[in-house]
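Visitor: Dropping a structure here in structure tokens format, bear with me for questions.
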Amino acid sequence: MKVKKKRELQEATLWQKERNGIRCYVCPRKCFIAKDKRGYCQVRKNINNKLFVLNYGKISYASPEPMEKLPLYHFYPGKLTFSIASPGSNFDYQPNEIKQIFKDKEEVKGEDWSPEKVVKKAEERKCAAISFTATEPTMYLEFVLRVSRLAARDNIKSIIVTNAFMSKDSVKKLVKFLNVAVVNIYASADEQFYSNYMGVKKLNPIFDSLKHMKKHGIHIEIVDWIFPQIGDNIENCKKLAQWISSELDSDVPMHIMRFYPDHKFPDLPATPTSTLEKCIEEARKSGLRHVYIGNVPDHNDANTYCYNCRNILIERKGFQIKKIDLARDRCPYCGVKINIVI
């Protein structure tokens, strides 16, 4: 009987030794990790005073899916991306997250994949991009970087779906090969919400990451999750939209996302459509040109309109494209340039 060889652990990046342990610098938590202990994310471990990643190549999800599912509306609309996920998160909670609760000595579970296998599968399924999603890509940064390097050689784009709660050094490494960032913001960046439910006290690192990615030409789309009763303040949504417009660009797409009851909030109702529509109205008043509704089937605000003449440029039904009416990256009716990569 052939015995499967156990994969050697991958040494982590962005750490340094300290007295009685090591410190991880992959995210703003800057965890001090004593010998044989793990960081907050539970996937980085001090072994003999070296930091190793326990989730390198451990894939918990792999599937081709439409760009629109991420959600990504202004980058390769109608094309497929090969989405993968690996266990690990630096937040206490994220909606729609494929998350595993680890015990102190538990092995990180997942199917063993090499970076080469990920790129090969993307090619076989005729995917235009590889997206790192459903968990927090920063927590398997080393694997993301390796896959992205390989993908770039074959002209396959790289996308992260992230909470953007990452260190400056992580961002600097990512932007070398990254093409797109879909950034999840919760409750319109309400600090009290983040403190109560995400275990995050300061949001400055998130906004700093966004500005750094924008500076390096990364295509950004913002997803604002609106939670009924506990995170649906319209004024906060307005402030977030104003920040995006002034600090990033008025062309950055913003998705106002509906929450549905889940394991963390089983007793919360789904976000009323009327609340989402009020958020959209305020975001547009703040100067944003492309504001969308998310998780609401067959809503008109899932379509892309020309911000100048208001003609429909991309018509969507769910995650499917019904019609694209563009002259490359321009409106065919008035000629104005649209921030979209076809």
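The values are calculated or read from the model by the stated rules, or taken from the named source; none is laboratory data. Keep in mind it's a predicted model, so treat the numbers as computed, not measured. Every residue, glycine as well, gets a Cβ built from its backbone with ideal geometry; the counts of neighbours run over all protein chains shown. Side chains included, ligands, DNA and RNA excluded: accessible areas come from the protein's heavy atoms. Shrake-Rupley method; radii C 1.70, N 1.55, O 1.52, S 1.80 Å.
Visitor: Inside the range 299-328, can you point out the residues that are in a loop (DSSP other than H, G, I, E, B), touching a residue at least 24 places away in the same chain (Cβ under 8 Å) and hydrophobic (A, V, I, L, M, F, W, C)?
Guide: Result: 306, 309, 319.
Visitor: If you go through the range 245-260, how many residues are surrounded by fewer than 24 Cβ atoms within 10 Å (Cβ to Cβ) and either outside any loop (DSSP other than H, G, I, E, B) or out of contact with any strand residue (DSSP E or B) (no Cβ under 7 Å at 6 or more places or on another chain) (or both)?
Guide: Looking only at that region, the number is 9.
Listed here are the residues, each with its yes/no results for (1) buried (at least 20 other Cβ atoms within 10 Å of the Cβ); (2) among the β-branched types (Val, Ile, Thr); (3) in contact (Cβ under 8 Å) with a residue 60 or more places away in the chain.
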position	(1), (2), (3)
130	yes, yes, no
138	yes, yes, yes
162	yes, yes, no
177	no, no, no
209	yes, no, no
219	yes, no, yes
226	yes, yes, no
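Visitor: Separate question: With the structure loaded, tell me whether residue 295 is buried (at least 19 other Cβ atoms within 10 Å of the Cβ), without any contact (Cβ under 8 Å) to a residue 40 or more places away in the chain and touching a strand residue (DSSP E or B) at 6+ places or on another chain (Cβ under 7 Å) or whether it fails that test. First the steps, then the outcome.
Guide: Numbers: buried (at least 19 other Cβ atoms within 10 Å of the Cβ): yes; without any contact (Cβ under 8 Å) to a residue 40 or more places away in the chain: yes; touching a strand residue (DSSP E or B) at 6+ places or on another chain (Cβ under 7 Å): yes.
Taking the combined requirement at face value, the residue satisfies it.
Visitor: If residue 122 satisfies all but one of (1) surrounded by 18 or more Cβ atoms within 10 Å (Cβ to Cβ); (2) more than 18 Å from residue 150 (Cα to Cα); (3) in contact (Cβ under 8 Å) with a residue 24 or more places away in the chain, what's the number of the condition it fails?
Guide: Single failed check for residue 122: (2).
Visitor: Identify, please: which residue in the range 261-284 is free of Cβ contacts under 8 Å to residues at least 40 places away in the same chain and outside any helix (DSSP H, G or I) and is, among those, surrounded by the most Cβ atoms within 10 Å (Cβ to Cβ)?
Guide: This residue is 265.
Visitor: Residue 23 - would you say it is outside any loop (DSSP other than H, G, I, E, B) and open to solvent by 50 Å² or more (accessible area, probe 1.4 Å)?
Guide: On the way: outside any loop (DSSP other than H, G, I, E, B): yes; open to solvent by 50 Å² or more (accessible area, probe 1.4 Å): yes.
When the stated conditions are applied, residue 23 passes them.
Visitor: Still on this structure, please answer the following. Determine which member of the set 88, 57 is under 19 Å from residue 162 (Cα atoms), open to solvent by less than 30 Å² (accessible area, probe 1.4 Å) and in contact with a strand residue (DSSP E or B) (Cβ under 6 Å, 6 or more places away or on another chain).
Guide: Values: 88 fails: in contact with a strand residue (DSSP E or B) (Cβ under 6 Å, 6 or more places away or on another chain).
Only one candidate qualifies: 57.
Visitor: Would you confirm, using the coordinates I've provided, whether residue 103 is at pLDDT below 95, basic (Lys, Arg) and under 15 Å from residue 161 (Cβ atoms)?
Guide: On the way: at pLDDT below 95: yes; basic (Lys, Arg): yes; under 15 Å from residue 161 (Cβ atoms): no.
Taking the combined requirement at face value, the residue does not satisfy it.
Visitor: Only residues in the range 230-245 that are closer than 8 Å to residue 286 by Cβ count as the first member; pair them with residues that are open to solvent by 50 Å² or more (accessible area, probe 1.4 Å) and in a helix (DSSP H, G or I), Cβ under 9 angstrom, at least 6 apart or cross-chain, and list the lot.
Guide: From residues that are closer than 8 Å to residue 286 by Cβ, the pairs are 238/285; 241/284; 241/285.
Visitor: Across the range 46-83, what is the number of residues that are in contact with a helix residue (DSSP H, G or I) (Cβ under 7 Å, 6 or more places away or on another chain), assigned to a loop (DSSP other than H, G, I, E, B) and among the hydroxyl-bearing types (Ser, Thr, Tyr)?
Guide: Counting residues in the range 46-83 that are in contact with a helix residue (DSSP H, G or I) (Cβ under 7 Å, 6 or more places away or on another chain), assigned to a loop (DSSP other than H, G, I, E, B) and among the hydroxyl-bearing types (Ser, Thr, Tyr) gives 2.
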